[in-house]
Structure formats: C-alpha cells, structure tokens
Amino acid sequence: MKTVSHWIGGKSVEGASGNWGPVTDPATGAVTTQVALASAEEVGSAVAAAKAAYATWGTSSLAQRTAILFRYRALLDARRDDIAALITAEHGKVHSDALGEVARGLEIVELACGITTQLKGELSTQVSSRVDVAAIRQPLGVVAGITPFNFPAMVPMWMFPLAIACGNTFVLKPSEKDPSAAVLLAELAAEAGLPDGVLNVVHGDKVAVDALLAHPDVAAVSFVGSTPIARHIHATASANGKRVQALGGAKNHMLVLPDADLDAAADAAVSAAYGSAGERCMAISAVVAVGAIGDELVARIRERAEKIKIGPGTDPASEMGPLITRAHRDKVAGYVTGAAAQGAEVVLDGTGYTVEGYEDGHWIGLSLLDKVATDSDAYRDEIFGPVLVVLRAETYEEGVELINSSPFGNGTAIFTRDGGAARRFQLEIEAGMVGVNVPIPVPVGYHSFGGWKDSLFGDHHIYGNDGVHFYTRGKVVTTRWPDPADAPTGVDLGFPRNH
C-alpha cells in the first residue's frame, strides 16, 4: 500500500507517531493509501525547520525569490496532468475539473511572481523641514496553512506562494483525506530551488491542527473549511496571539428575476450546483425564483440535470464524480430523504444512484428540491453535495431579504437583463463576492477571495492585495538627516582640485 510521509526541511520524513489515516479511492471505495498523522512533536519539527530557514529567507532578495517562483510556475505547468491525476485518485473529481483546479492555483503563483510590485512601499519627502516618512512592509516569520479536502492543490496554492514570496516560511497541514497533491507541490518547489525548510508539509488530524494553533513560533494561520472549524481556528489562534484568516462555509444563492434568460440561468444553476459534485464553497446551492418563472425554471434545470453523466473521474466521458467519503455521501443523502417530510417537493432524488462496475464507490446522483422552506434542514445547512434547493419569492425585495437573512455571506449571483436591478443588487446584497449573470463569482488572482458574516473570521480575505497584507506587516520610518553644510567644520561640495 502506498504511504504518504511528511515533507520537512526539504526532504521526505517518515511518520514517527505510529498513527496513520486511510486514504480512499472514492470511485471504488477501496483504501489505496495510508497517510502519516503527525504528533505535536512532529509539528514542532516542521515549525523549527521553517524558523531556521526564515533566518536567511526572510532577508533574501526579491530577485532571488521571484527567480525561484518563475521556475516553480514552469514546473507546475509541465506537471499539471500529474497533479490533476493525484486529485482525481484521492478526491474523486473528474480529470478536467482537477485540471481547472490546478489552473486556478497557478494564477496565484503567477501573482507571486510579480511580488516586486506588490511589496513596493510609500515615501513622502519634506513632511517637515528635512524630514521624510517611508512606509514599508516586512514578512511575519513562520506562517501556517490548514486546507480542506475539496481543493487539495488549489487552496494550498492560494496560500504558500504569496506567503513565501513575501519572505515568510510556511508549514502546510493539508487534508488527510487527499494528501498526495500537497506533497508533490512541495517536491516541485524544492526542484525549482526553494531552500530547505521554506515550505514544509505535515499531515494530521486535530492533534496537528491544535499544535499549530498553539505553537509560539507560528505568527499567522490561514484556514479554509467549514464554519464551525473556522470559528474554532479563529478563536484559538487569536487567543494565542496569532494573526488569523479563517474562511468558513457557505449557502450561496442565485436570484433569478422574471426578465432573465431562463436557458442561461438553468445552464448556470446546473453547472454551479453540481460541478465538482457540489463539494465547493462557491457552489450555488439555493436558487431563488422571483415571480411566475419558478415552475418553468425548475423544469429547465431538471431537463439539464438528468443529462449529466456521473462516473469515475478517470473516464473522459464523466461530468461528475463521486463524493469524498462514504460517510459524507450518506450525510448528503440524508438531506434529500428527509426533505419531503419538511415540506419540499422532491423533483430529482439522486440518493439511489450507483455506477456499474463501481458499486462500492461513494456515488450519489443529482438531487433537486423545489418549494423549500427557509426553516428546513436542506436550506439552513451547508450540504456540500449535489443538492440544489429552489425557493420562491414574489418580488425582488423579498428575494434580497431572504438572501440577506442567511447567516452565510460567501458568494451570490443575480440573473437578469436589467442593469438597474443588477446594480442595486450588488450594492444591497450582504455577501463578499457577487456575480451578475455569473454563477460562481470567484475573483481572479489579483483580486481577493472572501465572504462576509459566518463565511469569514478575521479581517483579511485570501490572495490578491489582502493576501499580501495578511502575510506582511507595515512599518513606518521617519528620518531626518542634517544638511552637509551644517557640519561643524563645513564640507566643500565643490569639484576636487588635483593641481
């Protein structure tokens, strides 16, 4: 059986705790790999390696850092198929979706390659007589990232490239459910010339997480995951004096107005709700149909959803793969089987779906629930699976009020032909990311990603300018130098004579 080890100080380090976690192929249900689960002492070794590396990396030149990052970007591009294959094998998403994940991660590596402009400071001269003031940004030291299973390559790449470009060293704790991609990312960074200890990977469970949150040499923690864990990460790390950026869960809504192109809206709803098997925090999981269009919109969504081909991620014909674990599959199915009792109309029930030849895989079909009540479990909870709920609203105002009443505020979208309504929506809606006729409004790399309310704990969004600010701290320097003419003996500034 394959074994996944830690990556500490520039080399593979076997697990010493004696604890191992199973890694399953979601398409077959078979355990294919075991991953080492770190003890607090092993986490401490990774932090110590990062701290030792920071002594020189923190003062390295921007030219050195960017040269390494450019080489790293080229290696990632050349090996994107290999990275995607690891994602498919352990997460289950189809290969094309895994390739898309790698591409989005590469955007942040490219942003990090331009860190020279991101770290430029400010200078004001003559703020007083012979007094200048400069503002600069400096790295924090050792920083850590704790990342989720649903994007095992992209989310780590949202963190460590910017962190190390800013001069920090990094300890990554990826999900123990699909750890192999993170190790390959670290190996390629070493191949690109990243010094030993600048990027470390430790695998583990709550023991490893708590060790990072408590370690006195970790200056900052970045996290992406569910809201309950994000709240815990923020509270615990903050209590230990660390800077925290904790991105939580979501219940993203799509408001469809009566004037919308219903074919475009239905296409968007299907791709945004069921892509990556719904296992993404930017999935559209709730459609709010305004006015009399509800029945027609639901019919068009159903027509498209029934055509989606579900199968193993290695099959090029597959459009959606299995869920990450059997336990998660059963949890998602529970929301569908209980929906009717809570007043929903079950338009599509995917709970009995299987794939011939892969009967032990973590399969579930597409589910569509209509006329869902706001107090039902299927609406209130982040399901994180291929379940789309539809709610009805009589007016635009009612729809906005419904969306703003949600405790989550990650992303949202509106579909309409009315520019005035769209402009009003983007100002009135309480969410961090808004799409106008765009169902999944994930910002490009040079803008920042993050939500509001229970979708974000901490002041900084991830990547973009917010990411640079998160991984650095500002310093203002005020200087005053005497004029040479004021020196006691005087200074001759004339051209020197030699005869």
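The values are calculated or read from the model by the stated rules, or taken from the named source; none is laboratory data. Because the structure is predicted, anything quoted here is derived from the model rather than measured. Here the Cβ is made from the backbone with ideal geometry for all residues, glycine too, and neighbour counts use every protein chain on show. Quick note on the areas: whole protein, heavy atoms, side chains included, nothing else; ligands and nucleic acids left out. Shrake-Rupley method; radii C 1.70, N 1.55, O 1.52, S 1.80 Å.
Cα atoms only, segment 238-287: Rg and Dmax in Å?
16.0, 52
How many percent of the alpha carbon pairs in segment 1-94 exceed a separation of 23 Å?
Here the tail beyond 23 Å accounts for 48 percent of pairs.
Cβ neighbours within 10 Å, averaged per peptide: list 300-307, 228-235 in order, most packed at the top.
228-235, 300-307
For segment 30-64 and segment 198-245, compute the distance between their C-alpha centroids and round to whole Å.
Here the answer is 14 Å between Cα centres.
Out of all DSSP beta bridges with both ends in the chain, state the antiparallel percent to the nearest 5.
Expressed as a percentage, antiparallel bridges in the chain total about 40.
How would T395, T66 line up by accessible area, probe 1.4 Å, largest first?
Heavy-atom accessible area, descending, gives T395, T66.
Counting other Cβ atoms within 10 Å, which trypsin sites (Lys or Arg not before Pro) in segment 379-435 have at most 13 and lie in a DSSP loop?
R417
I need the semi-axes of the equivalent ellipsoid of segment 58-99: take the C-alpha gyration tensor, multiply each eigenvalue by 5, square-root it, list largest first in whole angstrom.
30, 10, 6
How much of the DSSP beta bridge set in segment 363-468 is antiparallel, as a percent to the nearest 5?
30
Rounded to the nearest whole Å², what accessible area per residue is found for the chain with the 1.4 Å probe?
With the other protein chains kept in place, the chain gives 41 Å² per residue.
In Å, what Kirkwood hydrodynamic radius results for segment 266-347 from the alpha-carbon pair distances?
14.2
Return the lysines within reach of K93: Cα separation strictly under 24 angstrom, same-chain partners fewer than 8 residues apart disregarded; answer none if there are no such residues.
By straight Cα distance, K93 reaches K2, K173, K177, K251, K307, K309, K331.
Given the options S222, P22, A50, identify the residue whose Cα lies farthest towards the positive end of the charge dipole of the chain (+1 on Cβ of Lys, Arg; -1 on Cβ of Asp, Glu).
A50
Rounded to the nearest 500, what is the 222 nm mean residue ellipticity of the chain from helices alone, with -39500 (n - 2.57) per DSSP H run of 4+ residues and division by all residues?
Helix contribution divided over all residues of the chain: -11000 deg cm²/dmol.
Which percent of the accessible area of the chain is formed by carbon and sulfur heavy atoms (probe 1.4 angstrom)?
Answer for the chain: carbon and sulfur cover 52 percent of the accessible area.
With a 1.4 Å probe and all protein chains kept in place, how much accessible area does V13 have, in Å² rounded to the nearest 10?
Result for V13: roughly 40 Å² accessible.
Using only the heavy atoms of the protein chains and a 1.4 Å probe, how would V442, V143, V127 rank by accessible area, largest first?
V127, V442, V143
Can you tell me the order of 160-173, 195-208, 269-282, 20-33 when each peptide is scored by its average per-residue count of other Cβ atoms within 10 angstrom, highest first?
160-173, 269-282, 195-208, 20-33
Restricting things to alpha carbons, tell me how big segment 363-410 is in terms of Rg and Dmax, in Å.
Gyration radius and largest Cα-Cα distance of segment 363-410: 11.8, 39 Å.
Hey, with R₀ at 41 Å, roughly what FRET efficiency would M1 and E345 work out to, going by the Cβ-Cβ distance, to 0.05?
Calculated transfer efficiency: 0.35.
Please label the shape of segment 340-473 as rounded, prolate or oblate, based on the square roots a ≥ b ≥ c of the eigenvalues of the alpha-carbon gyration tensor (a/c under 1.5 means rounded; beyond that, a/b larger than b/c means prolate, else oblate).
oblate
With charges only on Cβ, +1 for K and R and -1 for D and E, what is the dipole size of the chain about its Cα centre, in debye, rounded to 20?
In total the dipole reaches around 1620 debye.
What does DSSP give for segment 111-260 in terms of the percent of beta bridges that are antiparallel, rounded to the nearest 5?
For segment 111-260, the DSSP antiparallel bridge percentage is about 20.
List, largest first, the extents of the alpha carbons of the chain along their principal axes, each in whole Å.
Extents along the principal axes: 99, 59, 41 Å.
Placing one identical point scatterer on every Cα of segment 104-247 and ignoring solvent, what is log10 I(q)/I(0) from the Debye formula at q = 0.10, 0.13, 0.15 Å⁻¹?
Debye output, listed in q order: -0.38, -0.60, -0.76.
Dimensions of segment 276-406 along principal axes (Cα, Å, largest first)?
48, 26, 26
Along Cα→Cβ, 7 Å out, is where each label goes; now give me the distance between the ones at T56 and I136 in nm to one decimal.
2.2
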